[in-house]
Amino acid sequence: MTASRLTTSKSSGVIDRDLRSVLQDAMAVYQVDADELEQVRPDVIVTQDLCEVCAVAYDDVVAAAQSLTNPEVQLVNLHPKVLSDIRQDMLRVGQALGREAEAQAVVADMDARINAVEARAKDARAPDKSGGLGHRPRVLTIEWIDPVMVGGMWMPELVTRAGGEPLVTQAGEYAPTLDSAALAALDPAPDVVLVKPCGFPLRQTIDEGDELRALLRDMPWPAVAKGAVWVADGNAYFNRPGPRIVESLEILAACIHPSVFGDFADRHAAGFRRFELDC
C-alpha cells in the first residue's frame, strides 16, 4: 500500500544523502496507494507519526483514510518513545481489533520476559583491572552508520534492563548525530558497542563492514580493544516497537553479558554476531 522514493539497497551514506535531498525539496519520502487501499476496504488502519522518515507521513494517512468509501474505518496512530509506550500501543491495537484479551496476554508475556532478563542482569558487572567485579558495562548503540547516529527512544531503557549503562542518550530522546571527534572523546568510553542501523537487515549492515571498520578501528574504546563490537538485525528487532522488542532485549543482553546470557546467544544466533574489526 506504500512506496518509498528511496532505494534502500544503497549504502547508509548514500541513503542519508538521498533522504536529505528529498526532504530539501519538501517531498514526502513515502506515498500511499489510495486506490489499492480502497480495494482492500480496511476496517482498521494502523500507522505512526513518530518518524516521517521511516514511514508514511501521518497527514497523508489521514487524507487517504478520509478518501475511502468506508466511513467507519478506524485509524490507530502510534507514537511510542519508551518501553511503556510500546506496551500501551499493543493494548490499543488489540482494543481496535476487538482482541483485548489476546493483546493483554502478549503484553503480560512481554512483561514477564523483560523482568526475567532484568533480574538475571542485576548483579552482572564488567571485570575491573584486578579481575574483580567492577562497573556495569557502558554501552553505545549505533542507529545509523554514515553519519553516526546514537540510538535513542527505547534503546537506553533496553540497555539498562540488560545490565548496562547507556551512553549519550536518555530514554525518549531522538537519535543525535556524532562526528568522529565527538565519538573518540566519549568519556566514559563504551565497553560494548551494538550497531543496528534503522531498517537494515543483518546482511546489509555486514556489507558495510569496511566503512564500519574505518570508523571504529582507531577509536580509543575498551569495546574496540577487547573486540566487544556487535552488529544486529535492526530491521527485524531493535527498530520495531512491538512484541519483538523482547527479543531485542535478549539479543542486547547476550552482547553486554555473553557469559551470563549464552542461552539467548544460541536462541537468536541468526539475528546478530560479533563484528570482526581486523578483517
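Take every Cα-Cα pair in the range 204-258 and report what % of them are more than 18 Å apart. Don't skip to the end; give the middle numbers.
Numbers: 671 of 1485 pairs.
More than 18 Å apart: 45 percent of the Cα pairs in the range 204-258.
Which of 251, 142, 245, 206 has the fewest other C-beta atoms within 10 Å, and how do the rest follow up to the most?
Numbers: 251 29, 142 26, 245 22, 206 14.
By the 10 Å Cβ count, ascending, the order reads 206, 245, 142, 251.
Sort 238, 200 by Cβ crowding within 10 Å, fewest neighbours at the top.
Numbers: 238 29, 200 25.
With the sparsest Cβ surroundings first, the list reads 200, 238.
Give, in nm to one decimal, the length gained when the segment between residue 112 and residue 180 is fully stretched (0.36 nm per residue of separation minus the Cα-Cα distance). Intermediate results must be reported in sequence, preceding the final value.
Numbers: separation 68, 0.36 × 68 = 24.48 nm, distance 3.92 nm.
Taking residue 112 through residue 180 to full extension adds about 20.6 nm, to one decimal.
For the range 59-132, what relative contact order do you get, as a whole percent, if you take Cα pairs closer than 8 Å and at least 6 residues apart? List each step's numbers first, then the result.
Working: 25 pairs, mean separation 11.8, N = 74.
About 16 percent, as a whole number.
Near residue 120, within a Cβ-to-Cβ distance under 12 Å, what is the net charge of the other residues, with Lys and Arg +1 and Asp and Glu -1?
Working: positive: 113, 122, 161; negative: 118, 123, 250, 263.
Summing Lys/Arg as +1 and Asp/Glu as -1 gives -1.
Just to confirm a number: summing +1 for Lys and Arg and -1 for Asp and Glu over residues other than residue 94 whose beta-carbon lies under 12 angstrom from that of residue 94, what do you get? Walk me through the numbers before you get to the answer.
Working: positive: 87, 92, 99; negative: 89, 100, 102.
Taking every Cβ under 12 Å from that of residue 94, the sum is 0.
How much length is gained if the chain between residue 211 and residue 17 is pulled fully straight, taking 0.36 nm per residue apart and subtracting their Cα-Cα distance, in nm to one decimal? Before the final figure, lay out the partial values.
Numbers: separation 194, 0.36 × 194 = 69.84 nm, distance 1.58 nm.
Using 0.36 nm per residue and subtracting the Cα-Cα distance, I get 68.3 nm.
Under unit Cβ charges (Lys, Arg +1; Asp, Glu -1), what dipole magnitude, rounded to 20 debye, does the chain have relative to its Cα centre?
Values: 27 positive and 42 negative charges, 199 e Å.
The calculated dipole for the chain is roughly 960 debye.
Projected onto the charge dipole of the range 162-252 (+1 at Lys/Arg Cβ, -1 at Asp/Glu Cβ, origin at the Cα centre), which of 194, 170, 246 gives the Cα projection farthest towards the positive end?
246
Over the chain, what is the percentage of antiparallel beta bridges among all DSSP beta bridges, to the nearest 5? Mind showing how you got there, number by number?
Working: 11 of 25 bridges.
Antiparallel: roughly 45 percent of the beta bridges in the chain.
Per 0.36 nm of contour for each residue apart, how much would the distance between residue 270 and residue 72 grow if the chain were fully extended, relative to their Cα-Cα spacing? Intermediate values should be presented prior to the final figure.
Values: separation 198, 0.36 × 198 = 71.28 nm, distance 4.18 nm.
So the extension gain works out to 67.1 nm.
How large is the Kirkwood hydrodynamic radius of the range 46-89, counting all unique pairs of alpha carbons, in Å?
11.4
At 222 nm, what helix-only mean residue ellipticity would the chain give, in deg cm²/dmol to the nearest 500, using -39500 (n - 2.57) for each DSSP H run of four or more?
Estimated from H runs of four or more residues: -11500 deg cm²/dmol.
Write down the Kirkwood hydrodynamic radius of the range 132-279, to one decimal in angstroms, obtained as one divided by the mean of 1/r over all alpha carbon pairs.
Here the Kirkwood hydrodynamic radius works out to 15.0 Å.
Every number in this text was worked out from the coordinates using simple rules, so none of it is lab data. Here the structure is a predicted model, which means the values were calculated and not measured. Here the Cβ is made from the backbone with ideal geometry for all residues, glycine too, and neighbour counts use every protein chain on show.
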